[in-house]
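Bear in mind that the values in this text are calculations on the coordinates, not laboratory data. This structure is a prediction, so every number in the text was calculated from the model and none was measured. Note that each Cβ is placed from the backbone with ideal geometry, even for glycine, and that neighbours are counted across all protein chains shown.
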Amino acid sequence: NDKFAQRFDSGGSGDCGSDGTCATCVVAVSSGQDLLSPAGQQEKQILSKRPRWRMACKAVVGYGMREGEMTVQVSPRQWEE
């Protein structure tokens, strides 16, 4: 995390109680991003370097009654080099 995001971090426990502060629930959205609710300011700041990533605890699928298909990658950190 960048320095700003670190002040929201839950201390590495990986359990922020869906506050959107630990980022352990991130998923990479390959397609269907338009089906998700808009990211909040805090989520945007924490994931600013990863525009395709969303916090699963904060994203609502089917936002605005939209339907469609989407592809997500769970635990995208494991695939980074």
More than 12 angstrom separation, counting every C-alpha pair in segment 40-81; what % is that? 70 percent
Along the charge dipole of segment 37-81, Cβ charges K/R +1 and D/E -1, which of 62, 37, 78 sits furthest on the positive end? 37
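Give the peptides 54-62, 19-27, 36-44, 68-76 in descending order of average Cβ contacts within 10 Å, highest first.
Averaged packing, sorted descending, gives the order 19-27, 54-62, 36-44, 68-76.
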Less than 11 Å Cβ to Cβ from residue 31, Lys/Arg counted +1 and Asp/Glu -1: what total charge do the surrounding residues give? -1
Please report the net charge: other residues with Cβ closer than 13 Å to the Cβ of residue 51, K and R +1, D and E -1. +4
